[in-house]
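What follows is a short report on a single structure.
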Amino acid sequence: MKKKIFVCISILFAILTGSIVVSANNNLQWTKKDCEEAISFLKKNINVFVQKYNDTEGMNSKLYASSIEYSTLLWLVEDDNYGVYIDFNEDNGYLVMTGDYTIYSLQTTGDYSEYRNEKNLYFSYIDGFLFLDENGDYQKYGNKTAMFPSASVPSTGTADGNISSVDIDTHVQERYPSYVLESKVQPLSKAFEYSHQRNTSYYASYRVDSNGNKIDRTKGAEGNCSLNSCFCLLREWQNRGHISGLPKETADKRGDIINDPLYNTYGTGIVWVQTETNEKFGFEAGNSYMWEANNQALIGMPILYDEIRTYAVGKFNYTPVSGVYDNQIKEIMNLILTKYGNNATLKETSKVSTAINQIDNNKACYLTVNGSLTYFDHAMVLIGYHKYSYESGWWIFKSKSYAYFFEVADGWDTSHSQFFDPNLSNELSMDFIYLS
(Lines give C-alpha, C1' and ligand atoms only; values in the text may rest on other atoms or scores of the structure.)
Protein backbone atom coordinates (compact mmCIF):
# COMPACT_ATOMS: atom_id res chain seq x y z
CA MET A 1 0.00 0.00 0.00
CA LYS A 2 1.26 3.44 -0.88
CA LYS A 3 1.44 5.73 2.13
CA LYS A 4 -0.51 8.95 2.14
CA ILE A 5 2.05 11.48 3.33
CA PHE A 6 1.07 14.85 4.75
CA VAL A 7 2.84 17.35 2.53
CA CYS A 8 3.10 20.74 4.24
CA ILE A 9 -0.35 22.37 4.12
CA SER A 10 -3.79 20.86 4.53
CA ILE A 11 -5.68 22.40 1.61
CA LEU A 12 -5.00 19.60 -0.81
CA PHE A 13 -6.43 17.04 1.57
CA ALA A 14 -9.52 19.10 2.32
CA ILE A 15 -10.20 19.73 -1.35
CA LEU A 16 -9.14 16.48 -2.95
CA THR A 17 -9.38 13.66 -0.42
CA GLY A 18 -12.24 14.57 1.86
CA SER A 19 -10.05 15.15 4.89
CA ILE A 20 -10.47 17.75 7.59
CA VAL A 21 -7.44 19.37 9.20
CA VAL A 22 -7.99 21.90 11.94
CA SER A 23 -6.15 23.91 14.53
CA ALA A 24 -6.01 23.79 18.27
CA ASN A 25 -8.16 26.00 20.43
CA ASN A 26 -5.63 27.35 22.88
CA ASN A 27 -8.37 28.61 25.22
CA LEU A 28 -9.50 25.07 26.03
CA GLN A 29 -7.58 22.46 28.02
CA TRP A 30 -8.19 18.76 28.34
CA THR A 31 -6.68 15.89 30.24
CA LYS A 32 -5.51 12.40 29.40
CA LYS A 33 -8.75 11.15 30.94
CA ASP A 34 -10.76 13.38 28.57
CA CYS A 35 -9.01 11.71 25.63
CA GLU A 36 -9.75 8.24 26.97
CA GLU A 37 -13.40 9.20 27.43
CA ALA A 38 -13.52 10.58 23.88
CA ILE A 39 -12.35 7.21 22.56
CA SER A 40 -15.02 5.47 24.59
CA PHE A 41 -17.67 7.89 23.29
CA LEU A 42 -16.77 7.26 19.66
CA LYS A 43 -16.74 3.50 20.11
CA LYS A 44 -20.26 3.63 21.53
CA ASN A 45 -21.56 6.13 18.98
CA ILE A 46 -19.70 5.24 15.80
CA ASN A 47 -22.87 4.82 13.75
CA VAL A 48 -24.22 8.21 14.80
CA PHE A 49 -20.80 9.76 14.15
CA VAL A 50 -20.76 8.39 10.59
CA GLN A 51 -24.34 9.45 9.94
CA LYS A 52 -23.77 13.01 11.19
CA TYR A 53 -20.62 13.29 9.11
CA ASN A 54 -22.30 12.07 5.93
CA ASP A 55 -25.33 14.31 6.48
CA THR A 56 -23.18 17.43 6.63
CA GLU A 57 -23.10 19.51 3.45
CA GLY A 58 -19.72 20.23 1.96
CA MET A 59 -18.01 16.95 2.81
CA ASN A 60 -16.00 15.82 -0.20
CA SER A 61 -16.32 12.09 0.36
CA LYS A 62 -18.55 9.75 2.35
CA LEU A 63 -17.36 7.92 5.45
CA TYR A 64 -18.27 4.21 5.45
CA ALA A 65 -16.79 3.10 8.78
CA SER A 66 -18.91 0.75 10.87
CA SER A 67 -16.55 0.18 13.79
CA ILE A 68 -13.21 1.18 15.30
CA GLU A 69 -10.37 -1.17 14.46
CA TYR A 70 -7.70 0.42 16.65
CA SER A 71 -7.41 3.36 19.04
CA THR A 72 -4.66 4.92 21.10
CA LEU A 73 -3.49 8.15 22.65
CA LEU A 74 -0.91 10.17 20.78
CA TRP A 75 0.95 13.43 21.46
CA LEU A 76 -0.25 16.67 19.86
CA VAL A 77 2.85 18.73 19.28
CA GLU A 78 1.42 22.25 19.06
CA ASP A 79 -0.84 21.68 22.07
CA ASP A 80 1.84 19.91 24.12
CA ASN A 81 -0.93 17.58 25.27
CA TYR A 82 -2.50 14.20 24.67
CA GLY A 83 -4.77 13.54 21.72
CA VAL A 84 -6.80 10.70 20.22
CA TYR A 85 -6.00 8.46 17.26
CA ILE A 86 -8.86 6.35 15.87
CA ASP A 87 -8.36 3.81 13.07
CA PHE A 88 -11.68 2.98 11.43
CA ASN A 89 -12.32 -0.58 10.30
CA GLU A 90 -10.97 -1.94 7.01
CA ASP A 91 -9.97 0.74 4.46
CA ASN A 92 -12.12 3.51 5.93
CA GLY A 93 -9.42 5.86 7.12
CA TYR A 94 -8.70 7.37 10.52
CA LEU A 95 -9.35 10.28 12.86
CA VAL A 96 -7.10 12.50 14.98
CA MET A 97 -8.68 14.82 17.53
CA THR A 98 -8.19 16.50 20.89
CA GLY A 99 -9.79 15.63 24.21
CA ASP A 100 -12.34 18.40 23.64
CA TYR A 101 -13.61 16.91 20.35
CA THR A 102 -11.68 19.18 18.02
CA ILE A 103 -10.80 17.20 14.90
CA TYR A 104 -7.34 17.76 13.49
CA SER A 105 -7.44 15.24 10.63
CA LEU A 106 -10.06 12.88 9.27
CA GLN A 107 -9.34 10.57 6.34
CA THR A 108 -12.28 8.66 4.87
CA THR A 109 -10.24 6.09 2.93
CA GLY A 110 -7.12 3.99 3.42
CA ASP A 111 -5.75 1.50 5.93
CA TYR A 112 -2.76 2.96 7.78
CA SER A 113 -1.26 -0.01 9.57
CA GLU A 114 2.10 1.75 9.95
CA TYR A 115 0.60 4.11 12.52
CA ARG A 116 -0.67 1.18 14.57
CA ASN A 117 2.88 -0.16 14.77
CA GLU A 118 4.39 3.04 16.14
CA LYS A 119 5.17 2.88 19.86
CA ASN A 120 5.24 6.68 20.16
CA LEU A 121 2.97 8.53 17.75
CA TYR A 122 3.08 12.32 17.38
CA PHE A 123 0.86 14.64 15.36
CA SER A 124 1.10 18.24 14.17
CA TYR A 125 -1.91 20.05 12.75
CA ILE A 126 0.47 21.70 10.27
CA ASP A 127 2.66 18.74 9.32
CA GLY A 128 0.65 15.62 10.10
CA PHE A 129 2.21 12.51 11.67
CA LEU A 130 5.71 12.90 13.06
CA PHE A 131 8.56 10.86 14.46
CA LEU A 132 11.56 11.74 16.62
CA ASP A 133 14.90 11.47 14.83
CA GLU A 134 18.21 10.43 16.38
CA ASN A 135 18.75 13.98 17.63
CA GLY A 136 15.40 14.15 19.38
CA ASP A 137 13.88 16.49 16.75
CA TYR A 138 10.47 16.00 15.17
CA GLN A 139 10.48 14.96 11.51
CA LYS A 140 7.57 14.21 9.18
CA TYR A 141 6.53 10.58 9.22
CA GLY A 142 7.23 8.66 6.04
CA ASN A 143 9.65 11.28 4.66
CA LYS A 144 12.75 10.57 6.71
CA THR A 145 15.38 10.89 3.96
CA ALA A 146 14.34 13.32 1.26
CA MET A 147 17.57 14.30 -0.47
CA PHE A 148 17.19 15.62 -4.01
CA PRO A 149 19.51 17.44 -6.41
CA SER A 150 18.61 21.09 -6.95
CA ALA A 151 19.43 22.55 -10.35
CA SER A 152 16.77 24.89 -11.66
CA VAL A 153 16.30 27.82 -14.01
CA PRO A 154 13.11 29.76 -14.86
CA SER A 155 10.29 27.81 -16.49
CA THR A 156 6.84 28.43 -17.89
CA GLY A 157 3.46 26.83 -17.28
CA THR A 158 1.04 26.66 -14.37
CA ALA A 159 2.31 28.95 -11.63
CA ASP A 160 2.76 27.82 -8.05
CA GLY A 161 5.80 30.08 -7.72
CA ASN A 162 7.37 33.29 -8.98
CA ILE A 163 4.23 35.08 -7.73
CA SER A 164 4.73 38.77 -6.99
CA SER A 165 3.76 40.38 -3.70
CA VAL A 166 1.12 42.34 -5.62
CA ASP A 167 -0.46 39.18 -7.03
CA ILE A 168 -0.38 36.80 -4.05
CA ASP A 169 -3.72 37.93 -2.55
CA THR A 170 -5.44 37.59 -5.93
CA HIS A 171 -3.83 34.19 -6.39
CA VAL A 172 -5.29 33.00 -3.07
CA GLN A 173 -8.73 34.47 -3.73
CA GLU A 174 -8.96 32.77 -7.11
CA ARG A 175 -7.81 29.33 -5.97
CA TYR A 176 -8.94 29.22 -2.33
CA PRO A 177 -11.95 31.57 -2.11
CA SER A 178 -13.09 30.32 1.31
CA TYR A 179 -9.81 31.22 2.99
CA VAL A 180 -9.22 34.54 4.72
CA LEU A 181 -5.95 36.24 5.60
CA GLU A 182 -4.86 35.84 9.22
CA SER A 183 -1.37 37.33 9.20
CA LYS A 184 1.55 38.48 7.10
CA VAL A 185 4.92 37.68 8.61
CA GLN A 186 7.65 39.36 6.56
CA PRO A 187 10.46 40.42 8.91
CA LEU A 188 13.38 39.84 6.53
CA SER A 189 12.51 40.89 2.99
CA LYS A 190 13.23 44.63 3.16
CA ALA A 191 16.87 44.23 4.23
CA PHE A 192 17.55 40.97 2.41
CA GLU A 193 20.35 41.06 -0.20
CA TYR A 194 19.00 39.32 -3.28
CA SER A 195 21.19 37.63 -5.87
CA HIS A 196 20.12 36.38 -9.29
CA GLN A 197 21.58 33.04 -10.35
CA ARG A 198 23.09 34.77 -13.39
CA ASN A 199 25.13 37.02 -11.10
CA THR A 200 26.85 34.03 -9.52
CA SER A 201 27.15 31.90 -12.66
CA TYR A 202 30.75 31.39 -13.80
CA TYR A 203 29.36 30.31 -17.16
CA ALA A 204 26.35 31.41 -19.19
CA SER A 205 24.49 29.62 -21.96
CA TYR A 206 23.22 31.13 -25.20
CA ARG A 207 21.14 29.99 -28.14
CA VAL A 208 23.32 30.10 -31.25
CA ASP A 209 23.26 29.11 -34.90
CA SER A 210 25.26 26.15 -36.21
CA ASN A 211 28.34 28.36 -36.54
CA GLY A 212 28.23 29.54 -32.95
CA ASN A 213 26.81 32.99 -33.66
CA LYS A 214 24.44 34.16 -30.93
CA ILE A 215 20.86 34.39 -32.14
CA ASP A 216 20.00 36.72 -29.27
CA ARG A 217 21.75 38.09 -26.19
CA THR A 218 19.51 36.33 -23.69
CA LYS A 219 21.78 34.76 -21.13
CA GLY A 220 20.96 31.47 -19.44
CA ALA A 221 22.17 30.91 -15.88
CA GLU A 222 23.82 27.82 -14.51
CA GLY A 223 21.68 25.42 -12.52
CA ASN A 224 23.30 26.91 -9.42
CA CYS A 225 20.16 27.61 -7.38
CA SER A 226 21.54 25.57 -4.48
CA LEU A 227 24.88 27.40 -4.41
CA ASN A 228 23.28 30.81 -4.93
CA SER A 229 20.77 30.17 -2.14
CA CYS A 230 23.53 28.94 0.17
CA PHE A 231 25.47 32.15 -0.50
CA CYS A 232 22.46 34.40 0.10
CA LEU A 233 21.48 32.54 3.26
CA LEU A 234 24.94 32.67 4.85
CA ARG A 235 25.19 36.36 4.03
CA GLU A 236 21.71 36.96 5.50
CA TRP A 237 22.60 35.11 8.72
CA GLN A 238 25.73 37.23 9.06
CA ASN A 239 23.86 40.47 8.40
CA ARG A 240 21.42 39.52 11.18
CA GLY A 241 24.22 38.74 13.63
CA HIS A 242 23.56 35.00 13.83
CA ILE A 243 27.07 34.20 12.51
CA SER A 244 30.18 36.28 11.84
CA GLY A 245 33.55 36.50 10.09
CA LEU A 246 32.48 35.54 6.56
CA PRO A 247 34.19 37.48 3.74
CA LYS A 248 32.21 40.37 2.28
CA GLU A 249 34.61 41.35 -0.49
CA THR A 250 34.47 40.55 -4.21
CA ALA A 251 37.24 39.47 -6.58
CA ASP A 252 37.86 39.69 -10.32
CA LYS A 253 37.93 36.05 -11.48
CA ARG A 254 38.29 36.70 -15.22
CA GLY A 255 42.01 36.07 -15.24
CA ASP A 256 41.71 32.82 -13.29
CA ILE A 257 38.83 31.32 -15.22
CA ILE A 258 41.08 29.34 -17.59
CA ASN A 259 42.35 27.40 -14.56
CA ASP A 260 38.86 26.46 -13.46
CA PRO A 261 38.35 22.65 -13.71
CA LEU A 262 35.14 23.20 -15.68
CA TYR A 263 36.56 25.73 -18.13
CA ASN A 264 37.43 23.34 -20.97
CA THR A 265 33.86 22.04 -21.06
CA TYR A 266 31.86 25.20 -20.36
CA GLY A 267 34.15 28.16 -21.00
CA THR A 268 35.36 27.76 -24.55
CA GLY A 269 32.17 28.22 -26.56
CA ILE A 270 31.62 24.63 -27.63
CA VAL A 271 28.43 24.40 -29.69
CA TRP A 272 26.03 21.51 -29.31
CA VAL A 273 22.65 20.58 -30.76
CA GLN A 274 20.06 19.82 -28.11
CA THR A 275 18.56 16.39 -28.80
CA GLU A 276 15.77 16.49 -26.18
CA THR A 277 13.85 19.42 -24.76
CA ASN A 278 15.05 20.36 -21.27
CA GLU A 279 12.39 22.53 -19.63
CA LYS A 280 14.53 23.31 -16.58
CA PHE A 281 17.12 25.12 -18.68
CA GLY A 282 14.90 26.20 -21.56
CA PHE A 283 16.88 24.08 -24.04
CA GLU A 284 14.60 23.07 -26.93
CA ALA A 285 15.21 19.97 -29.02
CA GLY A 286 16.75 20.77 -32.41
CA ASN A 287 18.22 24.12 -31.37
CA SER A 288 21.93 24.86 -30.98
CA TYR A 289 23.45 26.25 -27.79
CA MET A 290 26.78 27.00 -26.22
CA TRP A 291 28.27 27.83 -22.84
CA GLU A 292 30.93 30.51 -22.37
CA ALA A 293 32.63 32.32 -19.51
CA ASN A 294 30.28 34.81 -17.87
CA ASN A 295 32.68 37.75 -17.66
CA GLN A 296 29.99 40.18 -16.54
CA ALA A 297 29.64 38.21 -13.30
CA LEU A 298 33.28 37.14 -12.99
CA ILE A 299 34.50 40.74 -12.77
CA GLY A 300 33.01 41.12 -9.28
CA MET A 301 32.42 37.61 -7.91
CA PRO A 302 31.75 37.51 -4.13
CA ILE A 303 34.60 35.69 -2.40
CA LEU A 304 32.11 33.87 -0.20
CA TYR A 305 30.32 32.45 -3.24
CA ASP A 306 33.65 31.48 -4.80
CA GLU A 307 34.51 29.45 -1.70
CA ILE A 308 31.10 27.76 -1.70
CA ARG A 309 31.52 26.87 -5.35
CA THR A 310 35.05 25.58 -4.83
CA TYR A 311 33.78 23.07 -2.28
CA ALA A 312 30.88 22.08 -4.56
CA VAL A 313 33.14 21.47 -7.57
CA GLY A 314 35.98 19.78 -5.66
CA LYS A 315 34.00 17.61 -3.22
CA PHE A 316 30.73 16.96 -5.03
CA ASN A 317 31.54 17.31 -8.75
CA TYR A 318 29.21 20.25 -9.27
CA THR A 319 28.68 21.37 -12.87
CA PRO A 320 26.39 24.04 -14.36
CA VAL A 321 23.83 21.31 -15.16
CA SER A 322 24.20 18.94 -12.20
CA GLY A 323 23.07 20.75 -9.06
CA VAL A 324 23.93 19.80 -5.50
CA TYR A 325 22.04 17.58 -3.03
CA ASP A 326 20.61 18.93 0.23
CA ASN A 327 22.99 16.92 2.39
CA GLN A 328 25.91 18.19 0.30
CA ILE A 329 24.89 21.82 0.62
CA LYS A 330 24.53 21.34 4.36
CA GLU A 331 28.09 19.98 4.49
CA ILE A 332 29.34 22.94 2.45
CA MET A 333 27.67 25.38 4.84
CA ASN A 334 29.20 23.58 7.80
CA LEU A 335 32.66 23.80 6.21
CA ILE A 336 32.26 27.54 5.65
CA LEU A 337 30.95 28.15 9.17
CA THR A 338 33.79 26.18 10.74
CA LYS A 339 36.44 27.86 8.58
CA TYR A 340 35.43 31.27 9.90
CA GLY A 341 35.12 30.25 13.54
CA ASN A 342 31.38 29.85 13.89
CA ASN A 343 30.30 27.20 16.38
CA ALA A 344 26.83 26.83 14.85
CA THR A 345 24.54 23.85 14.37
CA LEU A 346 22.66 23.24 11.13
CA LYS A 347 19.65 20.96 11.09
CA GLU A 348 17.42 19.51 8.38
CA THR A 349 13.68 19.04 8.55
CA SER A 350 10.68 18.46 6.34
CA LYS A 351 8.44 20.13 8.93
CA VAL A 352 6.78 23.34 7.80
CA SER A 353 6.09 24.31 11.41
CA THR A 354 9.80 24.27 12.23
CA ALA A 355 10.56 26.57 9.31
CA ILE A 356 7.71 28.88 10.30
CA ASN A 357 9.15 29.12 13.82
CA GLN A 358 12.50 30.12 12.34
CA ILE A 359 10.91 32.97 10.41
CA ASP A 360 9.05 34.05 13.54
CA ASN A 361 12.50 34.33 15.18
CA ASN A 362 13.98 36.37 12.29
CA LYS A 363 16.00 33.51 10.86
CA ALA A 364 15.81 32.68 7.18
CA CYS A 365 15.89 29.02 6.04
CA TYR A 366 17.22 27.11 3.07
CA LEU A 367 14.27 25.61 1.18
CA THR A 368 14.37 22.84 -1.39
CA VAL A 369 11.26 22.04 -3.43
CA ASN A 370 10.85 19.02 -5.67
CA GLY A 371 7.88 18.58 -7.99
CA SER A 372 6.97 22.27 -8.17
CA LEU A 373 4.84 23.29 -11.16
CA THR A 374 6.94 26.42 -11.63
CA TYR A 375 10.35 25.63 -10.18
CA PHE A 376 10.59 21.89 -10.86
CA ASP A 377 13.46 20.95 -8.47
CA HIS A 378 14.77 24.15 -6.98
CA ALA A 379 16.52 25.69 -3.98
CA MET A 380 15.50 29.04 -2.48
CA VAL A 381 15.71 31.04 0.73
CA LEU A 382 12.56 31.20 2.85
CA ILE A 383 12.24 34.72 4.29
CA GLY A 384 8.56 35.13 5.23
CA TYR A 385 5.02 33.82 4.90
CA HIS A 386 1.34 34.69 4.67
CA LYS A 387 -1.10 32.69 6.76
CA TYR A 388 -4.69 32.08 5.68
CA SER A 389 -7.43 30.11 7.42
CA TYR A 390 -10.86 28.60 6.88
CA GLU A 391 -13.35 27.81 9.65
CA SER A 392 -16.12 25.23 9.54
CA GLY A 393 -17.85 22.70 11.77
CA TRP A 394 -20.31 19.81 11.96
CA TRP A 395 -22.31 18.17 14.73
CA ILE A 396 -20.37 18.72 17.99
CA PHE A 397 -17.04 19.26 16.22
CA LYS A 398 -15.18 22.39 15.15
CA SER A 399 -12.59 22.65 12.43
CA LYS A 400 -10.17 25.28 11.22
CA SER A 401 -7.88 24.73 8.27
CA TYR A 402 -4.66 26.67 7.73
CA ALA A 403 -2.84 27.48 4.50
CA TYR A 404 0.64 28.99 4.31
CA PHE A 405 2.16 30.80 1.34
CA PHE A 406 5.91 31.31 1.41
CA GLU A 407 7.82 34.49 0.70
CA VAL A 408 11.08 33.44 -0.92
CA ALA A 409 14.25 34.72 -2.50
CA ASP A 410 14.06 32.38 -5.48
CA GLY A 411 17.25 33.43 -7.27
CA TRP A 412 15.33 34.71 -10.28
CA ASP A 413 15.22 38.35 -9.18
CA THR A 414 17.90 40.78 -8.03
CA SER A 415 15.81 43.06 -5.83
CA HIS A 416 12.49 41.52 -4.81
CA SER A 417 11.03 38.54 -3.03
CA GLN A 418 8.46 36.31 -4.69
CA PHE A 419 5.77 34.01 -3.29
CA PHE A 420 5.47 30.26 -3.55
CA ASP A 421 2.22 28.31 -3.14
CA PRO A 422 3.04 24.82 -1.80
CA ASN A 423 -0.54 23.58 -2.17
CA LEU A 424 -1.03 23.15 -5.91
CA SER A 425 1.19 20.21 -6.80
CA ASN A 426 0.29 16.67 -5.75
CA GLU A 427 3.92 15.64 -6.30
CA LEU A 428 5.49 18.38 -4.19
CA SER A 429 7.98 17.64 -1.44
CA MET A 430 9.88 20.21 0.61
CA ASP A 431 12.89 20.15 2.88
CA PHE A 432 14.48 22.85 4.98
CA ILE A 433 17.93 23.54 6.44
CA TYR A 434 17.98 25.91 9.38
CA LEU A 435 20.34 27.38 11.96
CA SER A 436 19.61 25.87 15.35
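The values are calculated or read from the model by the stated rules, or taken from the named source; none is laboratory data. Being a predicted model, the structure only gives us computed values, none of them experimental. Because the Cβ atoms are built from the backbone with ideal geometry, glycine has one as well, and the counts that use them run over all protein chains shown. When the accessible area is computed, the model is the full protein with side chains, heavy atoms only, and any ligands, DNA or RNA have been set aside. Shrake-Rupley method; radii C 1.70, N 1.55, O 1.52, S 1.80 Å.
Worth pointing out:
- Taken as a whole, the structure places ASN211 among residues that are modelled with pLDDT under 95 and open to solvent by 60 Å² or more (accessible area, probe 1.4 Å).
- Selected residue (criterion: least open to solvent (accessible area, probe 1.4 Å)) from residues of the range 334-376 that are assigned to a strand (DSSP E or B) and among the small types (Gly, Ala, Ser): SER372
- Any hit, the range 78-101, residues being outside any strand (DSSP E or B), closer than 28 Å to THR349 by Cβ and over 27 Å from the mean Cα position of the chain (by Cα): yes
- Options ASN120, ASN60: the member that is part of a loop (DSSP other than H, G, I, E, B) and either farther than 22 Å from ILE396 by Cα or open to solvent by less than 10 Å² (accessible area, probe 1.4 Å) (or both): ASN120
- Which listed residue, of LYS248, LYS214, LYS280, LYS315, is basic (Lys, Arg), under 29 Å from the mean Cα position of the chain (by Cα) and over 29 Å from LYS339 (Cβ atoms): LYS280
Yes/no per residue for (1) assigned to a loop (DSSP other than H, G, I, E, B); (2) in contact (Cβ under 8 Å) with a residue 24 or more places away in the chain; (3) open to solvent by less than 30 Å² (accessible area, probe 1.4 Å); (4) among the small types (Gly, Ala, Ser):
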residue	(1), (2), (3), (4)
LYS248	yes, yes, no, no
ARG254	yes, yes, no, no
ASN264	no, no, no, no
GLY269	no, yes, yes, yes
LYS280	yes, yes, no, no
MET290	no, yes, yes, no
ARG309	no, yes, yes, no
ALA312	no, yes, yes, yes
PRO320	yes, yes, yes, no
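- When LYS330 is tested against the conditions (1) open to solvent by 20 Å² or more (accessible area, probe 1.4 Å); (2) under 16 Å from SER195 (Cβ atoms); (3) among the charged types (D, E, K, R); (4) in contact (Cβ under 8 Å) with a residue 60 or more places away in the chain, the lone failure is (2).
- Consider the range 123-135 and keep the residues that are open to solvent by 50 Å² or more (accessible area, probe 1.4 Å) and not polar (S, T, N, Q). The one that is nearest to LEU63 (Cα to Cα) is LEU132.
- Condition met for SER71 (assigned to a strand (DSSP E or B), surrounded by 14 or more Cβ atoms within 10 Å (Cβ to Cβ) and out of contact with any Gly (no Cβ under 8 Å at 6 or more places or on another chain)): yes
- The one condition in (1) exposed (fewer than 15 other Cβ atoms within 10 Å of the Cβ); (2) hydrophobic (A, V, I, L, M, F, W, C); (3) closer than 26 Å to SER429 by Cβ that ILE303 fails to fulfil: (3)
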